[in-house]
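Working notes, structure below.
The values are calculated or read from the model by the stated rules, or taken from the named source; none is laboratory data. In this text the structure is predicted, and so the values were computed from the model without any measurement. No Cβ is skipped: glycine too gets one built from the backbone with ideal geometry, and neighbour counts run over all protein chains shown.
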Amino acid sequence: MEVDLHCHSTASDGSLSPAALVARAHERGVRTLALTDHDTLEGLEEARAEARKLGVRLISGIELSCTWGGATIHVLGYDFDPAAPAIQKAITALHEGRWLRAEEISRRLALKGMSGALEGAREIQQALGDSGNAPARPHFADYLIRAGYVKDRTEAFRKWLGAGKLGDVKQHWPELTETVGTLRRSGAWVSLAHPWHYDFTRSKRRKLVAEFIGAGGHALEVVNGMQPAEQVGTLAILAREFGLLVSAGSDFHGPGQWSELGMYRPLPDDLPLLWQRFGQAEQQIAI
């Protein structure tokens, strides 16, 4: 695919530097790319410099964490001004919260005899590429592997870091409406990330989409990597029903993991594509 609107670098929880990620995307034929690191724009400048050299169209992007219905939800923002006060303020708050979360994960692991987890996870994170952001659960998983507490990431998440486990520390993310409002005030096009990843019933997922639209959202990420075709079909029906634009991306985090840059299931031909709106200034409104 020539377009990839969802990927992560070492600025958050990916394994490639922003420049290396852009270079890999170019090698794989991607010509329009959005770097959507979690709750940070730290990698954008480096990615932009590499994109200019290679002739890749780089769209400003971010994946913001928020809450809705008691669950953590991710929202993607695109084609905005990175210096906008609204998004800079939100990123600062999220940055501080992520460090508190990392410290709590480390404290909980230490109580189970796995000391030094924060320092170990940070060392692994810095070896991939220095970042001012807190280490994420994948970095903690890799530390547990290196320290001999688990044999692989699967075991790390199954025993210690996955949903409902000791290291699944809940952060006080902002509400969905606040996060969409932040992106809209920054001039962003806003897409609901991977709606099928949330463990919701059909009716709850529909309610989420309806409230996302009510908050000012524009698009649905109908395709996320190589998710099952039946999920793509169901999300396409939702997009048609609610009159939403659609986005798509690999959700790439690193070679040999969930997906590959530019690789995802095709979108149905009749759906209106979000990336065709990029470059058309989104109206900034106060929400």
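The table that follows gives values for the structure above.
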quantity: Filter result (in contact (Cβ under 8 Å) with a residue 40 or more places away in the chain, out of contact with any Phe, Trp or Tyr (no Cβ under 8 Å at 6 or more places or on another chain) and either under 15 Å from Leu5 (Cα atoms) or of a type in the set (Gly, Ala, Ser) (or both)) within segment 222-242; calculated: Val222
quantity: Near pairs, Cβ below 6 angstrom, 6+ apart or cross-chain, from segment 250-268 (on the phi < 0 side of the Ramachandran plot and of a type in the set (A, V, I, L, M, F, W, C)) to any residue that is assigned to a loop (DSSP other than H, G, I, E, B) and modelled with pLDDT of 90 or more; calculated: Phe252/Leu261; Trp258/Gly225; Leu261/Arg28; Leu261/Val30; Leu261/Ser250; Met263/Ser250
quantity: Sole exception among (1) in contact (Cβ under 8 Å) with a residue 24 or more places away in the chain; (2) in contact with a Ser or Thr (Cβ under 9 Å, 6 or more places away or on another chain); (3) surrounded by 13 or more Cβ atoms within 10 Å (Cβ to Cβ) for Lys170, by number; calculated: (3)
quantity: Residue ID - modelled with the highest pLDDT, chosen from residues in segment 264-287 that are loosely packed, with under 15 Cβ neighbours inside 10 Å and aliphatic (A, V, I, L, M); calculated: Ala281
quantity: Of all residues in segment 1-45 being closer than 24 Å to Lys89 by Cβ and outside any loop (DSSP other than H, G, I, E, B), the one that is farthest from the chain's Cα centre (by Cα); calculated: Glu45
quantity: Pairs where the first residue, in segment 22-34, is under 13 Å from Lys53 (Cα atoms) and the second is part of a helix (DSSP H, G or I), C-beta under 7 Å, 6+ apart; calculated: Val22/Ala47; Val22/Glu50; Val22/Ala51; Val22/Leu54; Ala23/Glu50; Ala23/Leu54; His26/Leu54
quantity: Where a residue in segment 200-221 is more than 13 Å from Arg240 (Cα to Cα) and its partner, wherever it lies, is part of a loop (DSSP other than H, G, I, E, B) and at pLDDT below 95, with Cβ under 6 Å and at least six apart; calculated: Gly216/Ile287
quantity: Boolean, Asp81 is modelled with pLDDT of 95 or more, in a loop (DSSP other than H, G, I, E, B) and out of contact with any Phe, Trp or Tyr (no Cβ under 9 Å at 6 or more places or on another chain); calculated: yes
quantity: Close pairs from segment 273-287: first among the hydroxyl-bearing types (Ser, Thr, Tyr), partner modelled with pLDDT of 60 or more, Cβ under 9 Å, at least 6 apart; calculated: none
quantity: Some residue of segment 202-214 being more than 20 Å from Leu35 (Cβ to Cβ) and hydroxyl-bearing (Ser, Thr, Tyr); calculated: yes
quantity: Residue within segment 65-74 that is surrounded by fewer than 20 Cβ atoms within 10 Å (Cβ to Cβ), in contact with a Ser or Thr (Cβ under 8 Å, 6 or more places away or on another chain) and outside any helix (DSSP H, G or I) present; calculated: yes
quantity: Number of positions in segment 129-155 that are free of Cβ contacts under 8 Å to residues at least 60 places away in the same chain, under 15 Å from Ser115 (Cα atoms) and part of a helix (DSSP H, G or I); calculated: 7
quantity: Qualifying residue in segment 163-172 (condition: touching a Gly at 6+ places or on another chain (Cβ under 7 Å), in a helix (DSSP H, G or I), closer than 30 Å to Val209 by Cβ and modelled with pLDDT under 90); calculated: no
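Each row is one residue, and each column tells you yes or no for (1) aliphatic (A, V, I, L, M); (2) surrounded by fewer than 16 Cβ atoms within 10 Å (Cβ to Cβ).
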{"site": "Asp199", "(1), (2)": "no, yes"}
{"site": "Ser203", "(1), (2)": "no, yes"}
{"site": "Arg206", "(1), (2)": "no, yes"}
{"site": "Ala210", "(1), (2)": "yes, yes"}
{"site": "Gly217", "(1), (2)": "no, no"}
{"site": "Val222", "(1), (2)": "yes, no"}
{"site": "Met226", "(1), (2)": "yes, yes"}
{"site": "Gly233", "(1), (2)": "no, yes"}
{"site": "Leu238", "(1), (2)": "yes, no"}
